[in-house]
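Trainee: Can you read through this structure? Questions will come right after.
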Amino acid sequence: MNDVSASTRPVAVASPYRRYLWVAIAFVLLLAVWGILSRLIARNALAREAHEAAIPTVITTRPHQGPAANTLVLPGSVQAYYEAPIYARTSGYLKRWLVDIGTPVKSGQLLAIIEAPEVDQQLRQAEADLASAEANQKIADVTAERWRNLRSSDSVSKQEADEKLSAAAASDAQVQAARANVQRLRELAGFERIVAPFDGVITARSTDVGQLINAGSGTGPELFRISDMSRLRLYVRVPQTDAAAMRPGLSAELHLPDRPGKKYFGKVDTTSNAIDAASRTLLAEVIVDNRDRELLPGAYVEVHFALPRGAGASFRLPSNVLLFRGDGLHVATVDPHGRVALKPVTIGRDYGAAVEIVDGVSASDDVILSPPDSLTGGTTVRVVRPAAPGQEARS
C-alpha cells in the first residue's frame with residue numbers, strides 16, 4: 001500500500017507544471033502569429049500605398065464651344081486723319097505768331113509772319129531789272145521794225161537786218177526771264193505769311209518771335225504742326241490666321257485705358273492686301289468718327305474685332321492641355337476606366353490663354369490639364385476634380 005502511494009505522487013505533482021508549459025507555448029505561438037500577421041498586414045498596406053502613390057493624379061476639363069463670334073483684341077495707336085508739319089519756304093526772322101497749341105484753325109488762316117528783308121530787296125531789284133528789260137525791248141522792237149523796212153528797199157544789207165531782228169528776239173527773251181524772276185520772288189515773299197493748309201487744330205508750336213527761320217524742311221525745325229481730328233486713322237497689325245476675316249466695313253470696338261467703361265466704334269476702311277514677311281501680319285486701317293473731339297491723336301487703344309466663327313464644329317481648350325510630340329500636337333484624354341489616350345489635334349486660332357481646336361476632340365472628352373511630358377497612352381491616372389466647362393481662361 002505504501003508502494004502504490006509512492007508511485008502515484010510524482011504524477012500528481014508534475015501535472016500543473018505541464019499545463020503552465022502548454023500555456024506558455026501557446027502564448028509564444030500566438031505572439032509569433034500576431035507578429036507575422038501584423039508584418040504581413042503592414043507590408044500589404046505599404047504595397048497598396050506605394051501602388052496608389054504611383055498612379056498620377058490629374059485634373060481634367062471638357063472642351064466647350066466658343067461664342068458665335070470670336071473676339072480678336074489687338075493694340076493700336078490713334079492718328080489724325082490729316083497731320084502735317086508746317087515749315088518755312090523763305091528765310092528770315094519770325095516777326096509774329098498768331099496761333100498757339102490747341103487753337104482750331106481754318107484752311108488759309110494766317111498762322112505767323114516772317115520778316116525777310118533780303119527777299120523784299122531782291123524783289124525790288126528784280127522789278128527794276130524787269131523795267132529795264134522792257135525798255136530795252138521797246139527800243140529793240142522799234143529798231144528791228146525800222147531795219148525791216150530799210151531791207152525791203154535794199155537800203156541795208158540782209159546781214160545787218162537779221163542782226164537787228166535777232167537783237168529784238170533776245171530782248172524779248174530777257175523780258176520773259178526778268179518777268180519770271182519777279183514772279184518767283186513775289187511767290188517767295190508770299191511765303192512770309194504762314195497759313196494753314198487745311199482745317200484742323202494746332203498741336204505743336206516750335207518757334208517764337210525773333211527766331212531765325214531757315215527755308216525748307218531739311219535745314220530748320222518745323223514751325224507748327226496741324227492735325228485734322230474730325231476723323232481718326234487707326235492702324236493695327238492683324239495676325240495671318242485672322243487676315244482673311246479683315247474686310248472693308250468690318251466693325252471695330254475701341255477701348256481706351258483713360259476712359260474705362262466707355263466704348264468707341266469704327267470700321268475697317270482698307271488693308272494692305274499683303275502679309276508682312278517679317279511679322280506675318282496684315283496691316284489694316286480703321287477709320288473712327290471723332291467729331292466730338294473726345295479721342296486724341298497718339299493715344300493707345302485696344303481694338304476689338306468681332307470675327308464670325310467658322311462653319312465647322314470647333315472647341316476651345318486652355319493652351320496648357322497641348323502636348324508636343326514628334327508627329328504633331330496632341331491632347332491627353334481619360335476614359336471612364338481611368339486610362340490615358342493621346343489624341344492628335346489640329347488647332348485654329350491661338351488666343352494666348354486658350355486655343356481653338358478644329359479637329360481631334362469631342363465635347364464629351366475629359367482632357368487633362370497640364371499633362372507631364374512623360375505621359376504615355378494606356379497609363380492609369382486618378383482624376384481628382386474635373387473642371388466645369390468654361391472655367392479655363394478665355395480670350
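Trainee: Please give the helix 158-190 orientation as an angle from the longest Cα principal axis of the chain, in degrees from 0 to 90, rounded to the nearest 10.
Mentor: Around 40 degrees separate the two axes.
Trainee: Same structure again: Would you calculate, for the chain, the mean residue ellipticity at 222 nm contributed by helices, counting each DSSP H stretch of 4 or more residues as -39,500 (n - 2.57) and dividing by all residues, to the nearest 500?
Mentor: The helix-only estimate for the chain comes to -11500 deg cm²/dmol at 222 nm.
Trainee: Quote the convex hull volume per residue of region 86-126, based on C-alpha atoms, as a whole number of Å³.
Mentor: Convex hull of Cα atoms, per residue: 88 Å³.
Trainee: Related question: Among the aspartates and glutamates, select those whose C-alpha is under 18 Å from the C-alpha of Lys343, and discard any that sit fewer than 8 residues away in the same chain.
Mentor: Reachable aspartates and glutamates: Asp327, Asp335, Glu356, Asp359, Asp365, Asp366, Asp373.
Trainee: Roughly speaking, what is the centre-to-centre gap between region 97-138 and region 244-271 when only Cα atoms are used, to the nearest Å?
Mentor: Value for the Cα centre distance between the two parts: 46 Å.
Trainee: Run the reach check for Lys95 against lysines, Cα to Cα strictly under 29 Å, same-chain hits fewer than 8 apart removed. What comes back?
Mentor: Partners found: Lys106.
Trainee: Let me ask you something else. Any idea what angle helix 117-152 forms with the longest principal axis of the chain, computed on alpha-carbon atoms, 0 to 90 degrees, nearest 10?
Mentor: On a 0 to 90 degree scale, this one is about 50.
Trainee: Sticking with this structure for a sec: If I build a Gaussian network model for the chain, linking alpha-carbon pairs within less than 10 angstrom, which residue out of Ser362, Ser272, Ser155 has the largest mean-square fluctuation?
Mentor: Among Ser362, Ser272, Ser155, the largest GNM mean-square fluctuation belongs to Ser155.
Trainee: Cross-link partners among aspartates and glutamates for Lys267, C-alpha distance below 12 Å, same-chain residues fewer than 8 apart left out?
Mentor: Glu253, Glu285, Asp289
Trainee: Given Ala341, Ser272, Ala252, which one lies farthest toward the positive end of the charge dipole of the chain, if we put +1 on the Cβ of every Lys and Arg and -1 on the Cβ of every Asp and Glu?
Mentor: Selected residue: Ala341.
Trainee: If you line up the long axis of helix 2-54 against the longest principal axis of the chain, both from Cα atoms, how many degrees apart are they, to the nearest 10?
Mentor: In the chain, helix 2-54 runs at an angle near 10 degrees to the longest axis.
Trainee: Pop out the Kirkwood hydrodynamic radius of region 236-395 from its pairwise C-alpha distances, inverse of mean 1/r, in Å to one decimal.
Mentor: Over region 236-395, the inverse of the mean reciprocal pair distance is 18.7 Å.
Trainee: If all Cα-Cα distances of region 102-145 are sorted into 10 Å bins from 0 onward, what percent lands in each bin, rounded to whole numbers?
Mentor: Going out from 0 Å in 10 Å bins, region 102-145 shows 21, 23, 20, 18, 12, 5, 1 percent.
Trainee: Could you check which residue among Ile357, Ile139, Ile275 shows the biggest mean-square fluctuation in a GNM of the chain with a 10 Å Cα cutoff?
Mentor: Ile139
Trainee: Right, next: Starting from a Cα-only point model with no solvent, please compute log10 I(q)/I(0) by Debye for region 50-202 at q = 0.10, 0.19 1/Å.
Mentor: -0.69, -1.12
Trainee: Of the candidates Arg43, Arg184, Arg293, which one comes out as most mobile in a Gaussian network treatment of the chain with C-alpha springs shorter than 10 Å?
Mentor: Comparing Arg43, Arg184, Arg293 in the GNM, the peak value goes to Arg43.
Trainee: In square nanometres, what is one fourth of the surface area of the convex hull spanned by the alpha carbons of region 125-208?
Mentor: Averaged projected area of region 125-208's Cα convex hull equals 8.7 nm².
Trainee: Could I ask something else about it? So what is the accessible area of region 66-161 per residue, in Å², with the probe set to 1.4 Å?
Mentor: Here the per-residue accessible area is 60 Å².
Trainee: Heavy-atom accessible area per residue, region 250-385, 1.4 Å probe: how many Å²?
Mentor: 53
Trainee: Here is a follow-up. Would you mind computing Rg(Cα) / (2.2 N^0.38 Å) for the chain, counting N as its residues?
Mentor: Against the compact-globule rule of thumb, the ratio is 2.31.
Trainee: Over the alpha-carbon set of region 168-219, work out the extent along each principal axis and list the three values in angstrom, largest first.
Mentor: Answer, in whole Å and largest first: 55, 26, 20 Å.
Trainee: Another question, then. Using a 1.4 angstrom probe on heavy atoms only, work out the carbon and sulfur share of the accessible area of region 174-288 in %.
Mentor: Percent of accessible area from carbon and sulfur atoms in region 174-288: 51.
The values are calculated or read from the model by the stated rules, or taken from the named source; none is laboratory data. Computed from a prediction, not measured in an experiment: that's the story for all the values here. As a convention, Cβ positions derive from the backbone with ideal geometry for all residues, glycine included, and neighbour counts pool all protein chains shown. These accessible areas exclude ligands, DNA and RNA; they are computed on the full protein's heavy atoms, side chains included. Shrake-Rupley method; radii C 1.70, N 1.55, O 1.52, S 1.80 Å.
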